[in-house]
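Working notes for the structure below.
The values are calculated or read from the model by the stated rules, or taken from the named source; none is laboratory data. Because the structure is predicted, anything quoted here is derived from the model rather than measured. All Cβ positions, glycine included, derive from the backbone under ideal geometry; neighbour counts span all protein chains shown.
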Amino acid sequence: AVPLHPVLIALDDIKPISSINKQFIPRYDDNDRTNEPTFWRGYLDIDTVADTFLDMSKWVKGVIWVNGFNLGRYWNAGPQVTNYVPWPLLKKGRNEIILLELHHFNGTQADTPHLEFVNQPNLGPQC
């Protein structure tokens, strides 16, 4: 699991994603699970690059960036639960993951906000 840390960006300070990392200001209290749109940033350190999937089951609705590339949207309305991360988006060493969560982390109060990379897709209920 990749631990994520929230950031608050004043609307006047929003910049293109390539320069956004200079605008982050931490602002998360484990007891304060707000419904505000929040940017979250975490890092994945890997030795071997391969295709993978991001399990978004504990998040509600938003957008994912991997190393500055807009991977796409997620929404707990489904049916898809995982997002495909093709190997060319990843690199050996440190990889930056950014989420724009429009609602809130949906884990239990004991959960630290995080992302899980999994080997298999979860495409929701089968017809």
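None of 63, 81, 49, 85 is in contact with a Gly (Cβ under 8 Å, 6 or more places away or on another chain), over 20 Å from residue 37 (Cβ atoms), at pLDDT 90 or above and hydrophobic (A, V, I, L, M, F, W, C) except 81. Residues that are polar (S, T, N, Q) number at least 2 in the following strands (runs of 3 or more DSSP E) confined to segment 66-127: 82-85.
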